[in-house]
Every structure is written in structure tokens, then in C-alpha cells.
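Heads up, the thing below is written out as C-alpha cells.
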Ligand SMILES: C[S@@+](CC[C@H](N)C(=O)[O-])C[C@H]1O[C@@H](n2cnc3c(N)ncnc32)[C@H](O)[C@@H]1O
């Protein structure tokens, strides 16, 4: 018992974060799913449909969380590669980054998804090779999404998509950034998933 209390005290910051996250999730009631940060079944299906199968195709998800969307993409992309880029800076349970990463690696074990522990910014400066499809769902700040979209456009990636288009959260700048870079008329939306029309 004393050891347990001692262990709680030693990890007090993590315990506090976990409790406040749980409190938030319980309070959020019907919005709890949004608070979990993932995609709905309908959105995952749309993203997988957008990932048309080409031999040797490379698909990248930037912001993978626990890998649930990456896992479905992996099922769809039979002959190619799936990269999951994440710096493990956020998760809805307040897990420390190393635990978050280990959990995601476990979910993706047995798949061919390659996890890249890196920020979107750093990864974009060093990535080489062809990318056939990119799905952005990391930072949702206007400046960050705009930089990602401009990079994807300059690089000529054929299939560019992402999440949280139309999200009413005032801290999310996805819609503005996507519309500015690609033009509203060129964007197709399913749920809150967006893609540049082919
Ligand atoms: C909303 S979740 C992604 C949900 C995931 N796409 C899915 O379908 O389940 C956002 C993820 O992006 C990661 N993230 C946030 N900012 C990032 C950044 N600048 N670079 C890389 N990953 C980032 C967080 O660690 C978190 O795992």
C-alpha cells in the first residue's frame, strides 16, 4: 500500500493529467468521440477509398495517434508502403510520449506500417522519394496546416487529403489553410475529411 502511494506521488504529474483528461471525457458526453481525436468509421472508409491501389504506392499519414487509420490504409495498400509520422506530442488520455509510442507500435505490429517518430516539420525537410498520397492530421493550427499544404502542392503529390475540415473548434485553422492553398472549389469533403479533387 505504502509503495502504491509512493508510486502515485512519484508520478503525480502524469496522474493529474490522466485524471483531468478522464474528467473531460466524461463531461464531454456526446462530444466524447470528438475528444478522442480519431476518425469516424465513415471517414476512415472515405480515406481508404481515396487511396487507390497502385503497384508500389507510398501512402503517408502525418499524425497517426494510435494508428487506427494507418492500420486500415495498410489493409488497402496491398503492394505498397504506409508511413505513419507522429511526434507523440498529444493523445486524449494524457499518456507520456514513450507510452503513447509503445502503445501505437503494439497496435500496428503485424502490419507493414512504418512508424516515424518525428515532427511533421522536421520530417518534411528530410523526406526523399515518391509519395503518392498524404493524409494530414497532426497539428491543426492554421500556420502549420498551411505549411503542410504548400509543401504538398510544391512537391506535386497527386493525392492530398486530411482531417478536421469544417471543425468548429476556433483553434483549428484547417479549413482556412486548405481553401487558401488549393481553392475551396477544388476540395471534396466527407464528414470532416477533405481531399483535393483528382
Ligand atoms: C488528431 S490525432 C491523429 C488521429 C489519427 N489520424 C487517426 O486517424 O486516428 C493527432 C496526432 O498528431 C500528432 N501531432 C501533433 N502535432 C504534431 C506535429 N507537429 N508533428 C507530428 N505529429 C504531431 C499527435 O501526437 C497526435 O498523435
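The values are calculated or read from the model by the stated rules, or taken from the named source; none is laboratory data. This structure is a prediction, so every number in the text was calculated from the model and none was measured. Every residue, glycine among them, receives a Cβ derived from its backbone with ideal geometry; neighbour counts consider all protein chains shown.
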Number of positions in region 137-159 that are touching a strand residue (DSSP E or B) at 6+ places or on another chain (Cβ under 8 Å) and within 15 Å of the ligand (Cβ to nearest atom): 6
Restricting region 171-198 to residues that are loosely packed, with under 15 Cβ neighbours inside 10 Å and more than 19 Å from the chain's Cα centre (by Cα), the residue that is modelled with the lowest pLDDT: 198
Counted residues, region 113-129 - those being at pLDDT 95 or above and touching a strand residue (DSSP E or B) at 6+ places or on another chain (Cβ under 9 Å): 11
Residues that are within 13 Å of the ligand (Cβ to nearest atom) and over 16 Å from the mean Cα position of the chain (by Cα), drawn from region 160-170: 169
Residues satisfying the stated conditions in region 61-90, i.e. surrounded by 17 or more Cβ atoms within 10 Å (Cβ to Cβ), assigned to a loop (DSSP other than H, G, I, E, B) and either modelled with pLDDT under 95 or more than 12 Å from the ligand (Cβ to nearest atom) (or both): 77, 80
The one condition in (1) at pLDDT 90 or above; (2) at positive phi; (3) touching a strand residue (DSSP E or B) at 6+ places or on another chain (Cβ under 9 Å) that residue 47 fails to fulfil: (2)
Output for region 50-60, where each listed residue is surrounded by fewer than 20 Cβ atoms within 10 Å (Cβ to Cβ) and modelled with pLDDT under 90: 52, 53, 54, 55, 56
Qualifying residue in region 174-183 (condition: assigned by TED's automatic domain parsing to the domain that holds residue 48, free of Cβ contacts under 8 Å to residues at least 60 places away in the same chain, outside any helix (DSSP H, G or I) and within 13 Å of the ligand (Cβ to nearest atom)): no
In region 114-134, the residues that are in a loop (DSSP other than H, G, I, E, B) and over 15 Å from the mean Cα position of the chain (by Cα): 127, 128, 129, 130, 131, 132
